[in-house]
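In what follows, a single structure is set out as structure tokens and then discussed.
The values are calculated or read from the model by the stated rules, or taken from the named source; none is laboratory data. A quick note: this is a predicted structure, and the numbers were derived from the prediction, not measured. All Cβ positions, glycine included, derive from the backbone under ideal geometry; neighbour counts span all protein chains shown. With ligands, DNA and RNA removed, areas are computed over all heavy atoms of the protein, side chains included. Shrake-Rupley method; radii C 1.70, N 1.55, O 1.52, S 1.80 Å.
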Amino acid sequence: MASDQQFAQYVADQIGLPARVACRRMFGEYAIYLDGKVVALVCDNQCSFKPTAPGRSLLGEPVERPPYPGARPHFLLAGQLEDQDLVSRLAQATAAALPAPKAKKPRPPGSRR
């Protein structure tokens with residue numbers, strides 16, 4: 001089941017940093033970016049943050065499960081999603097712990113997207 005754009009936007013809004021957050025559709029689901037880094041996935045209208053040590057310390061004992069079949073376990077946010085302060089701190093801590101995105105190679109002239 002694909003996620004609703006409204007739910008994905010709600011998750012992005014809960015982070016509370018509109019100039020730094022992006023929500024992009026990906027394979028029928030959504031990826032939430034903070035400062036150009038994927039920090040969370042929205043799959044089946046559930047929010048899963050990438051697992052990091054700082055995220056684990058914020059959540060205590062998070063529920064871990066794959067956001068989609070074949071994925072590595074992520075931190076599933078269910079009831080905590082209503083806590084905007086926690087979601088914002090979790091997104092910032094996750095982004096800080098992740099490596100910078102790799103620079104994209106320029107496309108040769110005349111290539112198609």
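Observations on the structure shown:
- Cα shape, the stretch 20-63, gyration tensor, a/c 1.5 rule: oblate
- Label zone at Leu81 (point 7 Å along Cα-to-Cβ), backbone N below 12 Å, the stretch 91-113: none
- By the Stokes-Einstein formula, at 1.567 mPa s and 4 °C, the chain with its Kirkwood radius over alpha-carbon pairs has D equal to 89 µm²/s.
- Mean separation of Cα contacts under 8 Å, 6 or more apart, over the residue count of the chain: relative contact order %: 24
- Applying 1/(1 + (r/R0)^6) with R0 = 22 Å to the Cβ-Cβ distance of Arg112 and Ala22 gives a FRET efficiency near 0.35.
- Rolling a 1.4 angstrom probe over the protein heavy atoms with all chains in place gives the stretch 63-113 an accessible area of 78 Å² per residue.
- Value at 222 nm in deg cm²/dmol, rounded to 500, when DSSP H runs of n ≥ 4 in the chain each add -39,500 (n - 2.57): -8500 deg cm²/dmol
- Å³ per residue enclosed by the Cα convex hull of the stretch 55-113: 152
- Here's the picture: charge each Lys and Arg Cβ at +1 and each Asp and Glu Cβ at -1 in the chain, and of Ala31, Phe7, Pro108 the one pushed furthest to the positive end of that dipole is Pro108.
- Axis of helix 84-97 versus longest Cα principal axis of the chain: the two differ by about 50°, to the nearest ten degrees.
- Environment charge at Tyr10 (Cβ cut-off 13 Å; Lys +1, Arg +1, Asp -1, Glu -1): -3
- Gaussian network model of the chain, springs between alpha carbon atoms under 10 Å - residue of Lys50, Lys37, Lys102 with greatest fluctuation: Lys102
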